[in-house]
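**Student:** Quick one: the structure is below, questions incoming.
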Amino acid sequence: MSKLLSELSATAIDSLSLQRMKLVALRNLTFADLQKTNLTYLDLSDNGMTTIEDGSFQWLPKLQSLILRDNSLKRLTRGTFQGLKMLKKLQLTKALVKKHTSLPIIEDYAFQPLNNLKSLILNRTAFLKITEQTFTGLTSLMELDLSWSSYLQTPQRGITNKTFVSLKDSPLRKLNLEGNALTELQPGSFSALSGLTILTLNYNFIKQTLTGREFEGLSQIREIHLSNNVQSINLTSSSFVNVSSLRVLTLGKSLKAEALNQDPSPLRPLSNLTVLDLSNNNIANIRKNVLEGLTDLRVLKLQHNNLARLWKMANLGGPVLFLKDTQKLETLELDFNGFDEIPVKALQGLTSLSLLTLSNNLLNNLKDAVFDDLTSLRFLSLAKNLITTVRPEVFQTPMSNLSMLLMDKNPFDCTCEAILWFVTRLNSTNGTSVPGLKENYKCNTPLAYFNRSIMDFDPLSCKDITPFQALHILSSTVVLITMVGAFLVRFQGWRIQFYWNVLINRTLGFSDATRDEANGFEYDAYVIHAEEDASWVTKQMILLETTKCKFCLEERDSILGMTYLASIMENMRKSRKILFVVTESLLKDPWCRRFKVHHALHQVIEASRDSVILVFLQDVNDYKLSRSLFLRRGMLRPCCILEWPVQRERVPAFHQKLLIALGMTNRLQD
């Protein structure tokens, strides 16, 4: 080794790699021969090195990059890096490794000579501890990588406000603490790092509620990465109040399921946020204002959650439209959420969206126009859903500008109605890439195409059905109108008839009788009823007499000075109509049956008058009616046969029909 270095003396060499040279120890004269070189890069990795004597690098004043990775150094002292005033990058990955029970030691002020160092890589190392003087002197340091390292000996394994106090004079921009087995961030943990812009805390075991004090002092922070923290972090409305400058926040697989289900939203202070990762958190409940205020958000990752219920029409309160405040969104990932439907307004306004992934859900029948606002879409993934039909009403807009489409592993229905438009478009489009089109786009139905590629479907077979489409639409329309009409007549016919009668009679009047015919009678109708029905007659008939009607009630309007029989006959003669109140009691009343009814019918026949009105208070069949009153329903006009309604709301309609019946002419129809 000494011979090699001697030969390099006074040369113009600027880079030197001494990997795997079994340099177990560096002496203070090892590199003395390189003093007059222009060496700026030195790689001493993978040498099993355990010792570096003080002053070993003093001969390399121009060195800018020093690689010491994959060694077994036991101690770094104040003299280890003496003389490296120009060093900008120090790589110590796996250079400090625990052996047996002892831990390597980084002495206080060990890095003090490196006042021009910009990048210090200490990932995958293990050393005793970080003290308040460990990084003193690194006045130019921009990046510190401590990922997957061990340096905390306290049981809490947390960061305190003293941990990085030795970096208070450093312009540190990037700090990587990934995989440090951290469990806690105490208030002011990073308060000494006022210039920090990127903080990485992925793959730790942080289990706490973030109050916001943990990030005090990070006034210039741009990115915080907190992914993969065993879903144990809870949030409050003030969690991010001290990092309003944040642009990127990753919380994948870190939050408790209910961490975001708060009002106001914990994310509300992050008005400058552009990238948000909330994936793999089993989130099932969020509010519609969860993203309120994030007007600059461009990337949103929500895959691997349980958001299906939020977009169901049956959800209590309706679908939760949590994307309404993210109009600038460009990337949206919603895979693995169990969605089986998408509300029409769920993606409304996302005109800048260029990437949308909805794979591995349960989507089947997508609503028309659900993607209509996605005019900038370039990448669409709907793979592994339950989609059987690809209709232009749904996919015309999003597919117009696509450069990549993923819809494989769906059970397509290979019929003209389901995929004709889709197959035709795939055959005529060159600008859209569809990976695995022949292998992974299979027909599920009908049986003739089962497990065959959708590209085997023949669009020409659909031409034969074209003449029948118009007939199908016409016949379907007729059937639908008939069904709706039948239902309306069956359940609302009385109401329709009532309003029709009101309309007609307000225009033409109630009566079609001539004025001379109407003036020849004193009463509109003579009422024949059983004694048991007197209370109903009094209540209903008297009520109608407030209008222009006048009824003859024998117990009220009998003629003085005449016998009872003569009075009945005279009053019938003075009445234009004869109204029977039909009940079982009337049929059994001998006086009504033998005299009143007999005389009424005799007068009607003798005078050639069509003047009988039947009002049924009970359901009486034609046989009984004929046996008792010598009348049948078929003998009378339909408008002169009325039934007293059971429902109270139909009583006005009954009154309307009765007034119409009273207004009909008595002249017999030719």
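The values are calculated or read from the model by the stated rules, or taken from the named source; none is laboratory data. No experiment lies behind these values; they were computed from the predicted model shown. Quick reminder, even Gly has a Cβ in these numbers, built from the backbone with ideal geometry, and neighbours come from all protein chains shown.
**Student:** For region 458-473, indicate whether the set of residues that are among the hydroxyl-bearing types (Ser, Thr, Tyr) and surrounded by 14 or more Cβ atoms within 10 Å (Cβ to Cβ) is non-empty.
**Tutor:** No: region 458-473 contains no residue that is among the hydroxyl-bearing types (Ser, Thr, Tyr) and surrounded by 14 or more Cβ atoms within 10 Å (Cβ to Cβ).
**Student:** Quick one: Ile224 ticks every box in (1) assigned to a loop (DSSP other than H, G, I, E, B); (2) over 23 Å from Gly349 (Cβ atoms) except a single one, so which number is it?
**Tutor:** Only one criterion is unmet by Ile224, namely (1).
**Student:** So is Lys438 outside any helix (DSSP H, G or I) and either within 20 Å of Thr357 (Cβ to Cβ) or touching a helix residue (DSSP H, G or I) at 6+ places or on another chain (Cβ under 8 Å) (or both) or not?
**Tutor:** Against the criterion (outside any helix (DSSP H, G or I) and either within 20 Å of Thr357 (Cβ to Cβ) or touching a helix residue (DSSP H, G or I) at 6+ places or on another chain (Cβ under 8 Å) (or both)), Lys438 does not qualify.
**Student:** Glu545 fails exactly one of the following numbered conditions: (1) surrounded by fewer than 20 Cβ atoms within 10 Å (Cβ to Cβ); (2) modelled with pLDDT of 85 or more; (3) farther than 29 Å from Tyr623 by Cβ. What is the number of that condition?
**Tutor:** (2)
**Student:** Does region 308-328 include one or more residues that are assigned to a strand (DSSP E or B) and not hydrophobic (A, V, I, L, M, F, W, C)?
**Tutor:** Scanning region 308-328, I find no residue that is assigned to a strand (DSSP E or B) and not hydrophobic (A, V, I, L, M, F, W, C), so the answer is no.
**Student:** Within region 493-542, restricting attention to residues that are exposed (fewer than 14 other Cβ atoms within 10 Å of the Cβ) and of a type in the set (Phe, Trp, Tyr), which residue is modelled with the lowest pLDDT?
**Tutor:** This residue is Tyr499.
**Student:** I've got another one for you. Residues in region 138-150 that are over 49 Å from the mean Cα position of the chain (by Cα) and either crowded, with 20+ Cβ neighbours inside 10 Å or not in a loop (DSSP other than H, G, I, E, B) (or both): how many?
**Tutor:** 1
**Student:** Filter region 405-433 down to the residues that are at pLDDT below 95 and of a type in the set (A, V, I, L, M), then identify the one that is surrounded by the fewest Cβ atoms within 10 Å (Cβ to Cβ).
**Tutor:** Leu426
**Student:** I'd like to verify a number: residues in region 255-267 that are buried (at least 20 other Cβ atoms within 10 Å of the Cβ) and assigned to a loop (DSSP other than H, G, I, E, B), how many?
**Tutor:** So the count comes out to 5.
**Student:** Suppose the filter is surrounded by fewer than 19 Cβ atoms within 10 Å (Cβ to Cβ), under 24 Å from Thr326 (Cα atoms), among the β-branched types (Val, Ile, Thr) and in contact with an Asp or Glu (Cβ under 8 Å, 6 or more places away or on another chain); does Val248 pass it?
**Tutor:** Yes.
**Student:** Hey, another quick one. Give the residue, chosen from Leu193, Leu218, Leu167, that is within 37 Å of the chain's Cα centre (by Cα) and among the hydrophobic types (A, V, I, L, M, F, W, C).
**Tutor:** Leu218
**Student:** Among the residues of region 273-304, which ones are more than 21 Å from Ser232 (Cα to Cα), charged (D, E, K, R) and out of contact with any Phe, Trp or Tyr (no Cβ under 6 Å at 6 or more places or on another chain)?
**Tutor:** Glu292, Asp296, Arg298
**Student:** Quick check on my filter: what residues within region 96-134 are under 19 Å from Met49 (Cβ atoms) and not in a loop (DSSP other than H, G, I, E, B)?
**Tutor:** Result: Lys99, Ser102, Ile105, Ile106, Leu120, Ile121, Ala126.
**Student:** Tell me, which residue of region 75-95 that is in a loop (DSSP other than H, G, I, E, B), among the charged types (D, E, K, R) and buried (at least 16 other Cβ atoms within 10 Å of the Cβ) is farthest from the chain's Cα centre (by Cα)?
**Tutor:** Per the criteria, the residue is Lys88.
**Student:** Within region 415-435, track down each residue that is part of a loop (DSSP other than H, G, I, E, B) and touching a Lys or Arg at 6+ places or on another chain (Cβ under 9 Å).
**Tutor:** Thr432
**Student:** Continuing with the same structure: Which ones in region 174-196 are buried (at least 19 other Cβ atoms within 10 Å of the Cβ), farther than 23 Å from Thr236 by Cβ and out of contact with any Phe, Trp or Tyr (no Cβ under 9 Å at 6 or more places or on another chain)?
**Tutor:** Of everything in region 174-196, just one residue is buried (at least 19 other Cβ atoms within 10 Å of the Cβ), farther than 23 Å from Thr236 by Cβ and out of contact with any Phe, Trp or Tyr (no Cβ under 9 Å at 6 or more places or on another chain), namely Asn176.
**Student:** Here's a follow-up. Taking region 447-457 on its own, how many of its residues are assigned to a loop (DSSP other than H, G, I, E, B) and either within 29 Å of the chain's Cα centre (by Cα) or exposed (fewer than 11 other Cβ atoms within 10 Å of the Cβ) (or both)?
**Tutor:** Going through region 447-457 one residue at a time, the tally reaches 1.
**Student:** Pick from region 343-362 the residues that are among the hydrophobic types (A, V, I, L, M, F, W, C) and surrounded by fewer than 20 Cβ atoms within 10 Å (Cβ to Cβ): which of them is nearest to the chain's Cα centre (by Cα)?
**Tutor:** The selected residue is Val344.
**Student:** Going residue by residue through region 47-61, is there one that turns out to be out of contact with any Pro (no Cβ under 9 Å at 6 or more places or on another chain), outside any loop (DSSP other than H, G, I, E, B) and either not β-branched (Val, Ile, Thr) or not assigned by TED's automatic domain parsing to the domain that holds Thr139 (or both)?
**Tutor:** no
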